[in-house]
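FYI, it's all coordinate maths here, none of it is from the lab. Bear in mind the structure is a predicted one, so any value in this text is a computation, not a measurement. Neighbour counts are summed over all protein chains in view; Cβ atoms, including those assigned to glycine, are modelled from backbone coordinates with ideal geometry.
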Amino acid sequence: MLISTLQFDTSFFWHELFGPSNAFLGGLWRTVYISVIAQVLAVVIGLVVALARRSTLRIIRGVAGAYVWVLRGTPLLVQLVIVYDGLAATDIYRFQDVTVLGVTILASVQAAILTLALNESAYMSEIIRAGLAAVDVGQNEAALSVGMTPTQAMRYVVVPQAMRFVIPPLGNDFNAMMKSTSVLSVIGVPELFLITQEISSSTFHTFEIFMDAALYYLALTTIWAFIQTWLEARVDRSWGIERAQRSWWASIRERFQDPKTLGIGRRA
Amino acid sequence: MVSSSSFEASSTGGDTGLIVHAHDIHKSFGSLEVLKGVSLDVVRGEVVVLIGPSGSGKTTFLRCINHFEKPDSGAVHVNGHLIGSKLDRTGQRTEASARDVATQRAEIGFVFQHFNLFPNRTALENVMLGPIKVQKLSKEQARTLAMEQLEKVGLGNKADRYPAQLSGGQKQRVAIARSLAMNPALMLFDEPTSALDPEVIGEVLMVIRDLANEGMTMVIVSHEIGFAREVADRVAMFDDGQIVEIGTPQQLFDTPSQARTKSFLSKVL
Ligand SMILES: Nc1ncnc2c1ncn2[C@@H]1O[C@H](COP(=O)(O)OP(=O)(O)OP(=O)(O)O)[C@@H](O)[C@H]1O
Ligand SMILES: [Mg+2]
């Protein structure tokens, strides 16, 4: 076979693909939950920052603006090393493994979630800010006209409507987030990339095992594309908007190929 | 201000019948003076229609009444309350907090030219939201109240439709129902039919006419002269930031005394 002349160990490739080792699965699982938790935190922090940037107080606007400027203007890799190694080296804060309800969360995983969440929150705040701005001012006035306070109008009328504009770019960011978890290996988070590297160096099956890893990353982003498509359709339905029926396949293909919706090049 | 505080005192003692008491309102946007001293009193149950050329300040005046715009000077009382102001514990006038302004606005309905329905909520939910969040009614109470209001504007059978599934005329009727659900003392309308197709204007005017017959106090910006003649107790002619003429529809439309009114009417009639 051609493939064997390339010294591609087919059986190793298939074996790790369909019957991955526990170490490999553990890495995959960490990649997933770190991404999900960091993204959820990023949305919450991002909303606060986005609202702060609309504050009537200049000082609050300034602080929020500086936050976004710094986090978007520096590499995630550098932020990770500062949070995990830098803080510890200067004795400011040293992450420790903690055990909650019998589950141990590694120090490096805590630092990873925190840093990813902060980094992503800067991007989310811009996305949410654009989403809030996309809601017609008449919506806010309509809410005020029935006697809502500005806070109530924001909470019950403007923010829910902004979500419709936020979900598509949020989805693209989450796609990017899942892939960028691979940089967490520099602080020793045993996620998919680091585990793959370890298997590679102990078996010398570099090509096979990284092809397996690539397929798992692809599976994750593809599953997410399905979830995102479903979510967007659901939000549209809750506005009484029926989308033209498009096949799932068409909408997924579009998601990976339409330059507007590609999340590439954003996070280095 | 002496005149406004005496008004406040008398209105808390008894019913003066004045729902709107706007006195000498001035408002500028930057260097553009949009309102140049507008005064208007509206008694309970009265319908006042505002007409006038584009840019004359009709919308801005309406928005000053419910504090969407803060007048630079002058005072607006609605139902005895000095809008945007409150008495603190020592009896001193201070600027009202956002919450106080919200409470004042709850008794002033506002109907927008472009409806501004909440697109992510059904007709029923649009009407229910104010009663739930502002009046703190239970969902069940709010639902009953909202259904009553929708039936009143003839849309009981469209309660579960989303705004995107309604015609312009239906949207505007839902918007009116949404205001009415707050049981307002005053309804303000800013060109409620000017964004509508001609064939659905009638159904919205019909709803407003019914409100007038029920004794609702209303200030309506409208270019529907025939409608104004029919429902208005008084018509006010705006020009260049001032009310240049005010009177019954017959006086204003048939025997206008001001040249500016005559020339405006010759264009719209
Ligand atoms: N928020 C604002 N900022 C700056 N200028 C404004 C603002 N609102 C209104 N204006 C200006 O004030 C003037 C009066 O506007 P207003 O909307 O009150 O007029 P109007 O009588 O309602 O006119 P129309 O019949 O066109 O609705 C216009 O020149 C308008 O451009
Ligand atoms: Mg106007």
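Sorted largest first, the spans of the alpha carbon positions of region A:32-146 along the three principal axes are 52, 31, 20 Å. Using the Cβ-Cβ distance between A:S21 and A:V48 with R0 = 60 Å, the FRET efficiency computed as 1/(1 + (r/R0)^6) comes to roughly 0.90. Cross-link check: pairs B:K86/B:K136; B:K58/B:K139; B:K58/B:K133; B:K136/B:K171 evaluated at a Cα-Cα cut-off of 27 Å; pairs beyond the cut-off: B:K58/B:K139; B:K58/B:K133.
Remark: relative contact order (region B:3-150) = 18 percent; criterion is Cα-Cα distance under 8 angstrom and separation of 6 or more residues.
The Cα atoms of region B:202-269 give a gyration tensor whose axes a ≥ b ≥ c have a/c of 1.5 or more with a/b greater than b/c, which makes the shape prolate.
Derived scalar couplings between HN and Hα for region B:247-262 equal x, 5, x, 4, 4, 6, 7, 8, 10, x, 9, 9, 4, 5, 5, 4 Hz in order, rounded to whole Hz, by the Karplus curve 6.51 cos²θ - 1.76 cosθ + 1.60 (θ = phi - 60°), x for Gly and Pro. For A:Y123, A:Y84, the sequence from fewest to most other C-beta atoms within 10 Å is A:Y123, A:Y84. Between the beta carbons of A:L218 and B:N157, assuming R0 = 45 Å, the FRET efficiency works out to 0.35 to the nearest 0.05. Take the Cα of A:A130, go 7 Å toward its beta carbon, and the backbone nitrogen atoms of region A:73-108 under 17 Å from that spot belong to A:73.
Over region B:16-55, the ratio between the Cα radius of gyration and 2.2 N^0.38 Å evaluates to 1.42. The stretch between B:R93 and B:S138 holds 12.7 nm of extra length on full extension. This uses 0.36 nm per residue minus the Cα-Cα distance. Residues in region B:64-72 carry Karplus couplings, in order, of 6, 5, 9, 6, 5, 10, 9, x, 6 Hz; the curve used is 6.51 cos²θ - 1.76 cosθ + 1.60 with θ = phi - 60°, and Gly or Pro positions show x.
Based on Cα contacts under 8 Å between residues 6+ apart, chain A shows a relative contact order of 25 percent.
Only alpha carbons enter this Debye calculation for region B:24-134, each as an equal point scatterer, and the log10 of I(q)/I(0) it gives at q = 0.10, 0.17, 0.23 Å⁻¹ is -0.37, -1.00, -1.37. Considering every alpha-carbon pair of the protein assembly as shown, the percent of pairs per 20 Å bin, from zero through the bin containing the longest distance, is 18, 39, 26, 14, 3, 0. Inverting the pair-averaged 1/r between distinct Cα atoms of region A:1-97 gives 17.9 Å as its Kirkwood hydrodynamic radius. Coupling constants for region A:79-95 follow from the phi torsions by the Karplus curve (6.51 cos²θ - 1.76 cosθ + 1.60, θ = phi - 60°), and in residue order they are 4, 4, 5, 4, 5, 8, 8, x, 4, 5, 4, 9, 6, 7, 7, 10, 5 Hz; glycine and proline get x. Shape class of chain B from the Cα gyration tensor (axes a ≥ b ≥ c, square roots of the eigenvalues): oblate, since a/c reaches 1.5 or more and a/b does not exceed b/c. Proximity of backbone amide H atoms, modeled 1.01 Å from N, is registered between B:S39 and B:D24, B:I25, B:I243 at under 5 Å, excluding neighbours fewer than 5 places apart on the same chain. Summarising the label geometry, the points placed 7 Å from Cα in the beta-carbon direction at B:T255 and A:I59 lie 6.5 nm from one another. Rounded, prolate or oblate: which fits chain A, taking a ≥ b ≥ c as square roots of the Cα gyration tensor eigenvalues, rounded meaning a/c under 1.5, else prolate when a/b beats b/c? Taking the square roots of the gyration eigenvalues as a ≥ b ≥ c, chain A is oblate.
Distance between the modelled labels on A:S200 and B:D240, one decimal in nanometres: 8.0 nm (7 Å Cα→Cβ projection).
Near the amide H of B:S85, within less than 5 Å, lie the amide hydrogens of B:A96, all on another chain or at least 5 residues away, with H placed in the peptide plane.
Highest mean packing comes first when the peptides B:204-216, A:11-23 are listed by Cβ atoms within 10 Å, giving B:204-216, A:11-23. Can you tell me the FRET efficiency between A:I92 and B:F29 if r is taken as the Cβ-Cβ distance and R0 is 41 Å, rounded to the nearest 0.05? Calculated transfer efficiency: 0.20.
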